[in-house]
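For reference, the structure discussed in these notes is given below.
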Amino acid sequence: MHASSIKVPGTFLRPLSGLLLALLVLQGCKSLNPLCGSARPAPSVTSLSADTISLSQVQQGFVLVVNGSEFVASSVVVINGTTLPTTVLNSQQVQVTITTAVISAAGIVNVLVQTPGGNTTDVGCTSGGTSQSLALTIT
């Protein structure tokens, strides 16, 4: 047997070790990690279509648009802990109708967006999340 026909174990393992290192570095990087499957990004909110509305507008059913980013079809608006039926207009806008079933008096309410986690398996992937909240004043 010639020395040139003998395979050295390290030669075979080098490409494999590079792949393992890449997977460790990409772990938790959401869409960059090929093992994350259907990981969904955490939403972010930047503004509301109105910062202040009247209680009479709420009584009539006020349509509020929440602006931000990373909204997906399963994202929902939550006002003071109550999840509302939400229409996702696009990845930067969601819309809800606020009624007295959610807000019954003047004051300040917290508005945020939640996205449930996707099917990510257990490889260090994160999925979904809750945005920061914005204040909506009811007069």
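The values are calculated or read from the model by the stated rules, or taken from the named source; none is laboratory data. Note that this is a predicted model, so its numbers are computed, not measured. Heads up, the Cβs are rebuilt from the backbone with ideal geometry, glycines too, and the neighbour counts pull from every protein chain shown.
Numbers at a glance
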| read-out | value |
| --- | --- |
| Qualifying position, being modelled with pLDDT under 95 and under 21 Å from residue 134 (Cα atoms), among 5, 74, 38 | 74 |
| Residue that is surrounded by the most Cβ atoms within 10 Å (Cβ to Cβ), among those in the stretch 50-99 that are part of a strand (DSSP E or B) and small (Gly, Ala, Ser) | 68 |
| Residue match in the stretch 115-126 (condition: at pLDDT below 95 and on the phi > 0 side of the Ramachandran plot) | yes |
